[in-house]
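Working notes, beginning with the structure itself.
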Amino acid sequence: MAYWLMKSEPDTFSLDDLRDRPNSTEHWDGVRNYQARNMMRDQMKLGDKVFFYHSSCPQPGIAGIAEVVREAYPDSSAQNPESRYFDPKASPENPRWFMVDVRFERKFERLLPLAALKAEPALGEMLLVQKGSRLSIMPVTPEEWRQIMTMAQ
DNA sequence: GCCAACGTTGGC
DNA sequence: GCCAACGTTGGC
C-alpha cells in the first residue's frame, strides 16, 4: 500500500464536500498534468491512503485522509465539451486523461497548515515543501506519512 | 493582486 | 530539438 497527497481548492471541492457525497466517494477528475496523471494511472492502487490537501485558500494545509477505492479509468470530463476540463484531443480511443475514485476516511480535528509542515525539519525532503513544487498529486513516503500523522494528533 | 516557478505550445 | 511566449499553479 502506498501513500499520496492530493491537492484540491476547497472553494471547488473540499474534504467536507467529499464526506457529504453519496458513499462519501467521488471521482477525482480534472487532473491535466502528465506527471500527476502517470502516477495516478500507473501507481495508485486500491486501498492506498491519501492526504487531502487544501490549496489556493486562506489556510493551505492537510485537511484529512481519503482512500483510493477505484483505480484509474478514463476521465470523462475530458470528453465533455460542457466541462471546464474539456480537452479536444481526448477521445474514446485515446482518453488521454484518467481519474481514480477516492472515499472520505477522516478529517483532522484541526487542519494541519502548510506552515507547520514547512517548519518540521523531518519533512525537509518532502516534495510538497520544495520550492516551486506544483504537482497536484504526489507520493508521500511512509516516514513522512507517520511524521504527519503524529503532528495531526 | 503579485509574482516565481513550472509546464505546454508552436515556430523555426 | 531549441527556445520564446504564453498559461497555470499556488503561496503570500
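The values are calculated or read from the model by the stated rules, or taken from the named source; none is laboratory data. Computed from a predicted model, the values in this text were never measured in an experiment. Cβ atoms come from the backbone with ideal geometry, glycine included; neighbour counts cover every protein chain shown. Remember, those area values only see protein heavy atoms, side chains included, never the ligands or the DNA or RNA. Shrake-Rupley method; radii C 1.70, N 1.55, O 1.52, S 1.80 Å.
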Can you compute the charge dipole magnitude of chain A about its Cα centre, using +1 on each Lys and Arg Cβ and -1 on each Asp and Glu Cβ, nothing else charged? Give it in debye, rounded to the nearest 20.
240 debye
A:Lys45: which lysines have alpha carbons under 26 Å from its alpha carbon, excluding same-chain residues fewer than 8 sequence positions away?
A:Lys7, A:Lys107
Ranking A:Val140, A:Val69 from most to least accessible area with a 1.4 Å probe gives A:Val69, A:Val140
Roughly speaking, what is the centre-to-centre gap between segment A:54-72 and segment A:30-44 when only Cα atoms are used, to the nearest Å?
15 Å
Can you give the accessible area of A:Thr25, probe radius 1.4 Å, in Å² rounded to 10?
30 Å²
Percent carbon-and-sulfur accessible area, segment A:1-57, ignoring ligands, DNA and RNA, probe 1.4 Å:
41 percent
Sorted by accessible area (1.4 Å probe), largest first, how do A:Ser56, A:Ser77 line up?
A:Ser56, A:Ser77
Heavy atoms of A:Phe13: accessible area, 1.4 Å probe, square angstrom to 10
30 Å²
Kindly sort A:Glu120, A:Glu71, A:Glu125 by accessible area of their heavy atoms, largest first, with the probe set to 1.4 Å.
A:Glu125, A:Glu71, A:Glu120
